[in-house]
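The structure appears below as structure tokens.
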Amino acid sequence: MRPEELLCPSPKGLYSPAGDFYVDPTRPVARAVITHGHSDHARRGHGKVLATRETLSIMALRYGADFAGETQAIAYGESVDVNGVRITAHPAGHVLGSAQMALDWRGLTIVASGDYKDAHDPTCAPFVPVRCHVFISEATFGLPVFRHPDASHETAKLMKSVALFPERAHVLGAYSLGKAQRMMALIRQAGHSAPLYVHGALTAISAYYEQAGVPLGEVRHVKGVKKADLAGAIIIAPPSAITDIWTRNFPDPVTAFASGWMRVRARARQRGIELPLVVSDHADWDGLMASVTATGCEELWVTHGAEDALVHWAGTRGLRAKPLHMVGYTEEDEAAEGEAVAEAEAGPDAAPQDGAS
Amino acid sequence: MNEFAELLDRLSYEPRRNAKIRLMADYFRMTPDPERGVALAALTGKLSFTNAKPALIRALIAERTDPVLFEMSYDYVGDLSETVALMWPIPKEAEAANANHPPFLSEIVEGLETLPKRDLPRQLSMWLDGLDETGRWALLKLITGSLRVGASARLAKTAVASLGDIPPDEVELVWPGLAMPYRELFAWVEGKAERPETLDPVPFRPVMLAHAVEDESFSALEADAYAAEWKWDGIRVQAVCGRDAEGKRVGRLYSRTGEDISGAFPDLMEALDFDGAIDGELLVMRHTRVQSFNVLQQRLNRKSVTAKMLAEFPAHIRAYDLLAEDGEDLRPLPFRARRAKLEALAARLMAEGHDRMDLSPMVPFDTWEQLTAARADPSSAGAGEDAAAVEGVMLKAWDSAYLPGRPKGPWWKWKRDPHTVDAVLMYAQRGHGKRSSFYSDYTFGVWTKGEEGGDVLVPVGKAYFGFTDQELIEIDKFVRRSTINRFGPVREVVHEPDEGLVLEVAFEGLARSTRHRSGVAMRFPRIARLRWDKPPREADRLEALEALLKAEG
């Protein structure tokens, strides 16, 4: 029996011939299993969708209640049978509701982990390694230069800058689902109790986090707030919005960006970032190696990111590994770029843009 | 070291001058002696280590990492020090030992100055084990001499001065007598000790600067109250000579901000022999003829000065003021008296056969009309063959003392009218800091014959100032509306014969350039006017610039 009979790459995404369903398909399909709510993994228009309750809610929030024909919720630790394949959800530690999907069939276990991180995150359940025969891993930060420091250390940089430049606003770029709320929680942990201001793209998701039991403190929509009242304020916005026309309404803003890409100076400089914060919702190089090892897998499949380095590393460890060359999964930051362009096109005459999803 | 590295990291991303000063001041305030003094030495370029070569760093990382993973990483990051800093593996035992005590910058600097070369690899790897990613990056940049964070020595001194509300020039004055770790300097600016004594026999004296003449300025000025001289297109310097406590002759050459640039001009230093401080212009002189700025530029910003360079580009000072002589401070004297003393000194030096220094001649005039004519045609008003190095005239009130800074009234600079060209906007890039939401850096081109016949635009320069805030908003709107291509932060805008934006670009001069496709490089280009009225087809041609290049020599 080959693992490919249970799960294999296809043009629409990972497909299970045994169970006749897709995991995170990039095109509309009859039956989809969705690992988490980021738009490159969770698309609209599928027939049936199996995902955690949180992921289903996030999809409804982004795409409207009719985003799929039929939905089924699965809780962490719960199993669901689909055409003889047993699917069990386990926390992936990536964003609220993110799940690794373990597929069991005829004594074979494959774990499709979606996106994951093993670092601490106060806004979602922590990643747990799941024993399996085949582990499918992302490799967004699959190079040894990516080592994410402690997120509270990076948050301290932001707080220090806010203290040093109290007359300026700090505009913090963060992906609207997950990173933004994690930064809010980290900022609260650092002792900042003043209201946090957000771009319109973040209001609904942040309210949903609160409702789901993740306390974020007072979060205000920045629209209509007077420039002078934003001195010393932290304004969180999608990455695409932080250097755009929209920021002209703020007092002499310091441009910050929370992303794993900020580890590399050229990437930060290219985007005109003045305060790069290395905070990522993906596993870093050490995290990838540790997580893969912890699953005890006999075979590693690498879906998206810097596949070559991780496959090379597995080879040096005697672990069978192959890249899947999946297409359609972008870096989350770049997925957000689409939002931005729409705003930029509005031109400087337009009123401050927000609400782009 | 980690804290200092964090400061360098912030500085490297921060475009605003005032924010840089505050970041440095904050660091100096929070950091104890001697650590902050060593940091100040590093920021002012006083530290240099020659033992660490990139090959050593490559060897260290090769011992510790998989070569395939290193190559993939280096390829991605593109910078050796940064790659090594990021992927440096920390041994478990070092992690525990270092958590309590990462190395201090002062320890590292002391180690680098005293360690025998053979011990360097082992010590360096111990330091790298003890630092975080940013700390390792800063250390590797520091020891390979490629630390560039966009903060000059002057800015670092300004930050020190800001700790105590002391004018930066005051710090500049005591600076030459001080050495790392600058305890007495910090104690003074923080009000805990007296001002350090300046024992330096050849101190820098803060320079006097001029205001630019505006059109309406002349109505208020009396012609006979002012002296006029040529404004030379070189580098403002201060040459100071004296004798130290042992009676040995010392000479020093300062830039206008007080940076010691003697090292770059050994030929000049050797030739200077007087006791005092001369304010003048550094020029390149060949066969008694002043060369243009383009020629001088080839001598500037060189890491080492070769014998060939010295012979081909002999440095020269054209003196226009005397600030001190034989131990006497002349700055309180009126310009007329200083000028007389300078002329006497110049005559004496010339009689003694010195040929590396001469006097900047006066431009005689009785009325503003006469001066206007001289400025328009320096060559027939006395500058002769040196006219190409004249960039205007200077006006100095006969009765004015030499005052540091830019006092309004006594000195005026009246530059020649700039050259202008009508060019077409081709690319625009986002600015930094306050301008990060604006497309404010512009690449513009002029017409030339294309390889396949027909006319094409070739880029001839880049400008990011000269326009008003209102014009910036208008150009930004145009860029967003007319984008035809995007390359990261850069946008290509429409530039067709009938569609596009013509910019009137003003510039000071032209030089041949092998780095630019057009073969010319502009000096000091800025946007003079927006020509919304002009279709791009009527913009200038490259041939016009080439003709100017020939005329300039």
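The values are calculated or read from the model by the stated rules, or taken from the named source; none is laboratory data. This is a predicted model, so every value here is computed, not measured. Counting neighbours? That spans all protein chains shown, and the Cβs are built from the backbone with ideal geometry, glycine included. The area values use the complete protein model at the heavy-atom level, side chains included, leaving out ligands, DNA and RNA. Shrake-Rupley method; radii C 1.70, N 1.55, O 1.52, S 1.80 Å.
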Considering region A:142-180 alone, what residues qualify as being part of a loop (DSSP other than H, G, I, E, B), among the aliphatic types (A, V, I, L, M) and under 23 Å from residue A:215 (Cβ atoms)? A:174, A:177
Please pick out the residue among B:54, B:34, B:116, B:67 that is open to solvent by 30 Å² or more (accessible area, probe 1.4 Å), over 30 Å from residue A:160 (Cβ atoms), more than 9 Å from chain A (Cβ to nearest Cβ) and touching a residue at least 60 places away in the same chain (Cβ under 8 Å). B:54
Residues satisfying the stated conditions in region A:282-331, i.e. in a loop (DSSP other than H, G, I, E, B) and either surrounded by 22 or more Cβ atoms within 10 Å (Cβ to Cβ) or within 14 Å of chain B (Cβ to nearest Cβ) (or both): A:282, A:283, A:284, A:297, A:306, A:317, A:331
Filtering region B:11-49 down to residues that are over 21 Å from the mean Cα position of the chain (by Cα) and of a type in the set (Asp, Glu) yields B:26, B:33, B:35
Residue list for region A:231-251, filter: of a type in the set (Val, Ile, Thr) and either more than 10 Å from chain B (Cβ to nearest Cβ) or open to solvent by 10 Å² or more (accessible area, probe 1.4 Å) (or both): A:234, A:235, A:236, A:243, A:245
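Can you tell me which residues in region A:12-45 are in contact (Cβ under 8 Å) with a residue 60 or more places away in the chain and either among the small types (Gly, Ala, Ser) or open to solvent by 60 Å² or more (accessible area, probe 1.4 Å) (or both)?
Taking region A:12-45 and keeping what is in contact (Cβ under 8 Å) with a residue 60 or more places away in the chain, we get A:13-14, A:16, A:18-21, A:23-24, A:26, A:33, A:35-41.
Within region A:12-45, A:13, A:16, A:18, A:19, A:20, A:37, A:39 meet the criteria.
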Can you tell me which condition residue A:201 does not meet? The list is (1) more than 22 Å from residue A:39 (Cβ to Cβ); (2) surrounded by 21 or more Cβ atoms within 10 Å (Cβ to Cβ); (3) more than 14 Å from chain B (Cβ to nearest Cβ), and all the others hold. (1)
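Kindly check whether there is at least one residue in region A:252-259 that is open to solvent by less than 30 Å² (accessible area, probe 1.4 Å) and assigned by TED's automatic domain parsing to the domain that holds residue A:22. Please lay out each step first, then the result.
The initial filter retains those residues of region A:252-259 that are open to solvent by less than 30 Å² (accessible area, probe 1.4 Å), namely A:253-259.
Filter again for assigned by TED's automatic domain parsing to the domain that holds residue A:22, leaving none.
For region A:252-259, residues open to solvent by less than 30 Å² (accessible area, probe 1.4 Å) and assigned by TED's automatic domain parsing to the domain that holds residue A:22: absent.
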Exactly one of these conditions fails for residue A:228: (1) outside any helix (DSSP H, G or I); (2) open to solvent by 20 Å² or more (accessible area, probe 1.4 Å); (3) without any contact (Cβ under 8 Å) to a residue 24 or more places away in the chain; (4) not hydroxyl-bearing (Ser, Thr, Tyr). Give me its number. (1)
Among residues of region A:46-74 being open to solvent by 50 Å² or more (accessible area, probe 1.4 Å) and assigned to a loop (DSSP other than H, G, I, E, B), the residue farthest from residue A:204 (Cα to Cα) is A:66
In region A:128-147, which residues are open to solvent by 30 Å² or more (accessible area, probe 1.4 Å) and either more than 14 Å from chain B (Cβ to nearest Cβ) or without any contact (Cβ under 8 Å) to a residue 12 or more places away in the chain (or both)? A:128, A:129, A:131, A:133
Mind listing whichever residues of region B:128-165 are out of contact with any helix residue (DSSP H, G or I) (no Cβ under 6 Å at 6 or more places or on another chain) and acidic (Asp, Glu)? B:165
Positions within region B:112-150 being at pLDDT below 90, out of contact with any Ser or Thr (no Cβ under 9 Å at 6 or more places or on another chain) and farther than 19 Å from residue B:55 by Cα, in sequence order: B:113, B:114
